[in-house]
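Colleague: Quick one: this structure, given as structure tokens, is what I'll be asking you about.
The values are calculated or read from the model by the stated rules, or taken from the named source; none is laboratory data. This structure is a prediction, so every number in the text was calculated from the model and none was measured. Ideal geometry is used to build each Cβ from the backbone, glycine not excepted, and the neighbour counts take in all protein chains shown. Only protein heavy atoms, including side chains, enter the accessible area calculation; ligands, DNA and RNA are left aside. Shrake-Rupley method; radii C 1.70, N 1.55, O 1.52, S 1.80 Å.
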Amino acid sequence: MAELLQFLVSGVTVGAIYAAVALGFTLIYNATGVVNFAQGEFVVIGGLTAAALIGAGVPPLIAAPLAVLAGLVVGLLLYRLAIRPAGQAPLVSLIIITIGASIFLRGAMQMVFDKQIHRYDGFSGEAPIGFLGATILPQSLWIIGGSLVVFAFLAWFMGHTRAGRGIRATASNRLAAALVGINTRAAMNLSFALSAAIGALAGVLATPVTFTSYDVGVLVALKGFSATMLGGVGSAQGALAGGLLIGLIEALTAGYVSSDYKDAAAFVVILAVLFLRPQGLFGARMTERV
């Protein structure tokens, strides 16, 4: 029982990271229809920036928000310098632009930081907490709590604020939103900024547990995108559930089968779900009248 509980705790911790990345994917997709494959690099930017600041003597409670701010600024620059100039380019072209941005950011981080693996102490220390025979790192609680706070914030922001409703209206029909007075350009800027900040926050919270380096963003992005597909593209609830499910599948496979198969097991389950329910677990079935 203690062994199973340990695997579940590990799975939920890693799954919460995937869920945060998936929420960033969902926010961008809902606003623009674009899948931003540079999302994983924002996670790395957050972790590496926090590690560099803490290593320079900045207190963690100051370094963390500065790292999130750094991710937000890079997200804005990505939109203004790469996405917005493309204008009404085909969707595939915009996705390729985000892949190119991912490669560029990876090289830039290698130059600004280094090729080494980085980490720092957890925000609440390193002493593990015992629970029914399982061991929980205090930082795991920060990761899980952070993902839940992000989910709750997005649900409130998108449903109860003027800016959030503007993003939703822009996503639904950009021309119609502009005609009724919504600043669609500001909505797009805001969506990219929030998505990047969410990714950077995930990196800040996860680095004490998972460590980070300049080249881990690709795998993080793939897992976050997989969580998005599993839960249902465009669904915040699906992003949260998909991330947690992938984390649990990986942890149980690594614990009871082999760690060599944990990545494969998660993708096999995703493929099975998509064959049986192409819209994902929480996605709505789309119909188009022709």
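Colleague: Show the residues, 5+ positions off or on another chain, whose built amide H is closer than 5 Å to the amide H of ILE129.
Modeller: Result for ILE129 returns ILE136, LEU137.
Colleague: Helix 262-276 against the longest principal axis of the chain: what's the angle in degrees, Cα atoms only, rounded to the nearest 10?
Modeller: Relative to the chain, helix 262-276 is tipped by roughly 40 degrees.
Colleague: Compute the angle between helix 162-172 and the longest alpha-carbon principal axis of the chain, please, reported from 0 to 90 degrees and rounded to the nearest 10.
Modeller: Rounded to the nearest ten degrees, it is 70.
Colleague: Among VAL35, VAL273, VAL180, which one moves the most in a GNM of the chain with springs linking Cα atoms closer than 10 Å?
Modeller: Looking only at VAL35, VAL273, VAL180, the largest GNM fluctuation is found for VAL180.
Colleague: Something else about it: log₁₀ I(q)/I(0) of the stretch 19-93 at q = 0.17, 0.23 Å⁻¹, via Debye over equal Cα point scatterers, no solvent, to two decimals?
Modeller: Here log10 of I(q) over I(0) equals -0.71, -1.04.
Colleague: Something else now. Going by alpha carbons, how many degrees (0 to 90, nearest 10) lie between the helix axis of 60-78 and the longest principal axis of the chain?
Modeller: The two axes meet at around 30 degrees.
Colleague: Sticking with this structure for a sec: Take peptides 63-71, 254-262 and line them up by average Cβ neighbours within 10 Å, highest first, as a rough protection proxy.
Modeller: 63-71, 254-262
Colleague: If I ignore ligands, DNA and RNA and count only protein heavy atoms, how much of SER226 is accessible to a 1.4 Å probe, in Å² to the nearest 10?
Modeller: Answer for SER226: close to 10 Å² accessible.
Colleague: Stretched out fully, how many nm does the piece from ASP260 to LEU141 gain, at 0.36 nm a residue minus the Cα gap?
Modeller: Once the chain is fully extended between ASP260 and LEU141, it gains 40.2 nm.
Colleague: I'd like to check one number: the per residue accessible area of the stretch 17-217, probe 1.4 Å, reported in Å² as a whole number.
Modeller: It amounts to 46 Å² per residue over the stretch 17-217.
Colleague: Once both labels are modelled 7 Å past Cα along the beta-carbon direction, what's the LEU276-ARG84 spacing in nm?
Modeller: My value for the distance between the label points is 4.5 nm.
Colleague: Within the accessible area of the chain, what % is carbon and sulfur when the probe is 1.4 Å and the other protein chains stay in place?
Modeller: 68 percent
Colleague: How much of ILE129 can a 1.4 Å solvent probe reach, expressed as accessible area in Å² and rounded to 10?
Modeller: In the full protein context, ILE129 sits at about 70 Å².
Colleague: Can I ask one more? At a probe radius of 1.4 Å, what is the per-residue accessible area of MET158, in Å² to the nearest 10?
Modeller: For MET158, solvent-accessible area is about 30 Å².
Colleague: Moving on. Can you give me the P(r) profile for the stretch 17-217? Cα pairs, bins 10 angstrom wide beginning at 0, each as a whole percent.
Modeller: The percentages, shortest bin first, are 9, 34, 32, 18, 6, 1, 0.
Colleague: Just from its helices, what would the mean residue ellipticity at 222 nm be for the chain, if runs of 4 or more DSSP H residues each count -39500 (n - 2.57) and the sum is divided by every residue, rounded to the nearest 500 deg cm²/dmol?
Modeller: After summing the helix terms and dividing by the residues of the chain, the value is -24500 deg cm²/dmol.
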